[in-house]
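These notes are about the structure you will find just below.
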Amino acid sequence: MQLIKYVMLLLIFLSSFLIGKCMSKQYIYRLKELEEIKNALNIFKTKIKFTYEPIPEIFTEISKTSNYNISEFFMKVVEKMKNKSASEAWEEGIDEIESNLTQQDKQTIKTLSKLLGTTDVDGQVSQIEVTESFLEEQIRQAQEEKNKNEKLYQQLGMTIGLAIVIILI
């Protein structure tokens, strides 16, 4: 009977530790997704500037080279562009993306949709650069939040698990 009790206490401790670990990973994933979007926008800017490829082709290439949820996002936008304008498809794609991005991150990325596919190359490039500068600020904030909260959630999960175990003993 004692063995079952100790096994249960160990499971409680481990599960609370893992919950804290999972919560801390959200900050890491958010940072990686923001950096991936910034890289994708850089590729987009370069391709628009020098290759003059259509936007759906560029997005398809980006989706093949991107990681995380960003690849899925660009594929969704390409699918939506079959029936809608580039700016509408971009906004809807951002609204539907399953990611660790905050609402503020999504709003920053949406700023690109204003001129996407509606202006000349220079206008689109300048809008991409503006969006990239906003993203740099979001990346900086995400890095600060990650540094501050990653250890906090890991230690909080462990501490709560330990407290529960002590109470139950």
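Just so it is clear, none of the values below were taken in a lab; they were calculated from the coordinates. What you see is a predicted model; the values in this text were computed from it and never measured. A quick note on method: Cβ atoms are made from the backbone with ideal geometry, for glycine too, and the neighbour counts reach across all protein chains shown.
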Which residues' amide hydrogens lie under 5 Å from the amide hydrogen of Asn69, considering only partners 5 or more residues apart or on another chain, with H built in the peptide plane? none
Using the reciprocal of the averaged 1/r over all distinct C-alpha pairs, how large is the Kirkwood radius of the range 1-88 in Å? 16.0
When each of Lys82/Lys110; Lys47/Lys82; Lys80/Lys110; Lys25/Lys45; Lys110/Lys151; Lys84/Lys106 is checked by Cα-Cα distance, pairs over 26 Å: Lys25/Lys45; Lys110/Lys151
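Using the count of nearby Cβ atoms within 10 Å as a rough guide to exposure, how do Glu96, Glu145, Glu132, Glu91 rank from fewest to most?
In order of increasing Cβ crowding within 10 Å: Glu96, Glu145, Glu132, Glu91.
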Taking 8 Å as the Cα distance limit and 6 or more residues as the minimum spacing, I'd like the relative contact order of the chain as a percentage. 39
Using 7 Å Cα-to-Cβ label points, what is the Lys25/Asn83 separation (nm, one decimal)? 3.4
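Find, among the chymotrypsin sites (Phe, Trp or Tyr not before Pro) in the range 1-106, those assigned to loop by DSSP (not H, G, I, E, B) with at most 15 other beta-carbon atoms within 10 angstrom.
Tyr52, Tyr68
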Counting only other residues whose beta carbon sits under 14 Å from that of Pro56, what net charge do I get with K and R as +1, D and E as -1? +1
How large is the translational diffusion coefficient of the range 31-150 in µm² per second when you combine the Kirkwood radius over alpha carbon pairs with Stokes-Einstein at 37 °C and 0.692 mPa s? 229
Using +1 at the Cβ of each Lys and Arg and -1 at the Cβ of each Asp and Glu in the range 68-169, identify which of Ser87, Asn100, Leu152 lies farthest towards the dipole's positive end. Leu152
Which of Asn42, Leu14, Gln124, positive extreme of dipole for the chain (C-beta unit charges): Leu14
Low-density loop positions, trypsin sites (Lys or Arg not before Pro), the range 16-84 - DSSP coil, at most 11 other Cβ in 10 Å: Lys82
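Using the crude model of +1 on Lys and Arg Cβ and -1 on Asp and Glu Cβ, and no other charge, please compute the dipole size for the chain relative to its Cα centre, in debye to 20.
740
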Express the C-alpha Rg of the range 89-139 as a ratio against the empirical globular expectation 2.2 N^0.38 Å, rounded to two decimals. 1.14
